[in-house]
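K.L.:
One structure follows; several queries about it will come next.
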Amino acid sequence: MKHIALVGFMAAGKSTIGRAVARRLQLRLVDTDVEVERVHGPIPAIFAQEGEPGFRRYEHAAVERALSGEDPAIVAVGGGALTHEPTRALLQRRSVRVFLSASPQTILNRMRRERARVRPLLGANPTLDRVRELYDRRLPLYRESDVTVECDGRSVDEIAIAVCDALRQAGLE
Ligand code: S3P
């Protein structure tokens, strides 16, 4: 069994759904944002001091570590991981990629609820236009995933069940 990577836009729920899927499949969860912060400190400070390229290097290393484990894991990656070609190639080679698809409006609503967590690429008060612009640019990358699961209007448990069903149906679990 390959590792299972959860990809999708910021605030799509990758970490929360990752926890629920990991529990159901009895697999380990690795959250690469948490890993980067554990090793290098807060993400906003990394962006401020080393820019996005610095963050992408650290993120790549975290993804590489997560995908090197022998036992399959659920790996929740940051929303921009696929924009970095080496990380994209690594995920394609070594994981089953599950795209957690949520609309820009759902994403914005979630971000407004999680105000404490600032995403440096969108700032403290993101607008729908800004979310949409970045979302549209990234959508073709997310669509390369092996499996897509719709998240709008569904609970965490419903999404976790849909992820497990989709993996089973595709013979990927
Ligand atoms: C980013 C998403 C964030 C985090 C960083 C960059 C992005 O993770 O990795 O702020 O470029 O989309 P989440 O997807 O968990 O918000």
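K.L.:
DSSP loop (so not H, G, I, E, B), at most 11 other Cβ within 10 Å: list which GluC sites (Glu not before Pro) in region 1-95 pass both filters.
P.N.:
Passing sites in region 1-95 are E70.
K.L.:
Counting Lys and Arg as +1 and Asp and Glu as -1, what is the net charge of the other residues whose Cβ lies under 9 Å from the Cβ of A160?
P.N.:
Result for the local shell: +1.
K.L.:
I would also like to ask the following. So what is the calculated 222 nm ellipticity per residue for the chain, using -39500 (n - 2.57) for each DSSP H run with n of 4 or more, over all residues, to the nearest 500 deg cm²/dmol?
P.N.:
My calculation for the chain gives -17500 deg cm²/dmol from helical runs alone.
K.L.:
Out of all DSSP beta bridges in the chain, what portion is antiparallel? Express it as a percent rounded to 5.
P.N.:
5 percent
K.L.:
Can you give the extra length, in nm with one decimal, that the chain gains between D152 and E50 once fully stretched, where that is 0.36 nm per residue apart less the Cα-Cα distance?
P.N.:
33.3 nm
K.L.:
Another question, if that's okay. In nm, give the distance between the simple-model label positions of R65 and E144, each being 7 Å from the Cα along the Cα-to-Cβ direction.
P.N.:
2.5 nm
K.L.:
With a ≥ b ≥ c taken as the square roots of the eigenvalues of the C-alpha gyration tensor of region 1-101, please select rounded if a/c is under 1.5 and otherwise prolate if a/b is larger than b/c or oblate if it is not?
P.N.:
In terms of gyration-tensor shape, prolate.
K.L.:
Return the FRET efficiency for the residue pair E114, E85: r is the Cβ-Cβ distance, R0 is 25 Å, and the value is rounded to the nearest 0.05.
P.N.:
Efficiency at R0 = 25 Å is approximately 0.30.
K.L.:
Taking loop as defined by DSSP and a crowding limit of 13 other beta carbons within 10 Å, which GluC sites (Glu not before Pro) in region 104-171 fit?
P.N.:
Those that pass, being in a loop and sparsely packed, are E114, E144.
Since every read-out is calculated from the coordinates, none of them should be taken as a lab result. The structure presented is a predicted model; accordingly, all values stated were derived computationally and were not measured. Cβ sites come from the backbone with ideal geometry, for glycine too, and all protein chains shown count toward neighbours.
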